[in-house]
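Here the structure comes first, spelled out in structure tokens, and everything after it is commentary.
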């Protein structure tokens, strides 16, 4: 069954739910409406007893990040609300009692990279690109990236990616443990389906318990809350506005540390 929403496409088949971000004209940049719809979609799949595993992907691109035009209009308090919304949706994916695979095609930057990090497994097409370039906007990752990326690739590589904003290719992402496997672009969804079918055949009870125990970390929850506050405080800086304006004007930002 194919359920078509404005911003999210859902396909259900053989116990697998495929969630595709469908704002391709904006490279699937996440805005408030899309986050709400994604959260509702995940909740429905969580409660659907016929679904045993989930694949998250994007139409043409995985996700190029948060919607910069929307970010430009936000004050610190509004930014905190936006960050908490993203955290709530991505936390729901992470703690979902069913395995979730990110099938990454094209760009997975900023919030897009954070979305992939919230999934249990990450399969990338060979042309995929990953990065956390928020620093170029005078920001930090705001949807869990400071914690999940560090947990996955280690402190050194996480600092390198977050502090420099560098974008890496799929091969490097695999070498540092950011993705589990790289395949040819045209084989991406077939491989994701293959792995999802393997997961769907396992005991749902055992899978749910295993996910919960692996993810269980109260200290991480506290640090995720700290990330939200720090992300929103960046919106009070002149550097943030300079970063946003430079991005929209397609020029290099001139940061002054204020």
Identity of the residue in the stretch 206-258, outside any helix (DSSP H, G or I) and either surrounded by 11 or more Cβ atoms within 10 Å (Cβ to Cβ) or under 19 Å from the mean Cα position of the chain (by Cα) (or both), that ends up modelled with the lowest pLDDT: 217
Any residue at all in the stretch 86-93 that's part of a loop (DSSP other than H, G, I, E, B), free of Cβ contacts under 8 Å to residues at least 60 places away in the same chain, under 28 Å from residue 217 (Cα atoms) and touching a strand residue (DSSP E or B) at 6+ places or on another chain (Cβ under 9 Å)? no
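Residue under question is residue 61, and the condition is that it be over 20 Å from residue 193 (Cα atoms) and either assigned to a loop (DSSP other than H, G, I, E, B) or touching a helix residue (DSSP H, G or I) at 6+ places or on another chain (Cβ under 9 Å) (or both); does it hold? Please lay out each step first, then the result.
Values: over 20 Å from residue 193 (Cα atoms): no; either assigned to a loop (DSSP other than H, G, I, E, B) or touching a helix residue (DSSP H, G or I) at 6+ places or on another chain (Cβ under 9 Å) (or both): yes.
No; evaluated as a whole, the condition is false for this residue.
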Would you confirm whether any residue within the stretch 70-86 is buried (at least 21 other Cβ atoms within 10 Å of the Cβ), in contact with a helix residue (DSSP H, G or I) (Cβ under 8 Å, 6 or more places away or on another chain) and within 14 Å of residue 10 (Cβ to Cβ)? no
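Being touching a residue at least 12 places away in the same chain (Cβ under 8 Å), closer than 23 Å to residue 164 by Cα and in a helix (DSSP H, G or I): is that true of residue 35 here?
Details: touching a residue at least 12 places away in the same chain (Cβ under 8 Å): yes; closer than 23 Å to residue 164 by Cα: no; in a helix (DSSP H, G or I): yes.
In short, no.
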Could you please find all residues in the stretch 101-122 being assigned to a strand (DSSP E or B) and either surrounded by fewer than 24 Cβ atoms within 10 Å (Cβ to Cβ) or at pLDDT below 95 (or both)? 121
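The values are calculated or read from the model by the stated rules, or taken from the named source; none is laboratory data. Since this is a predicted model, take the numbers as computed values, not measurements. No Cβ is skipped: glycine too gets one built from the backbone with ideal geometry, and neighbour counts run over all protein chains shown.
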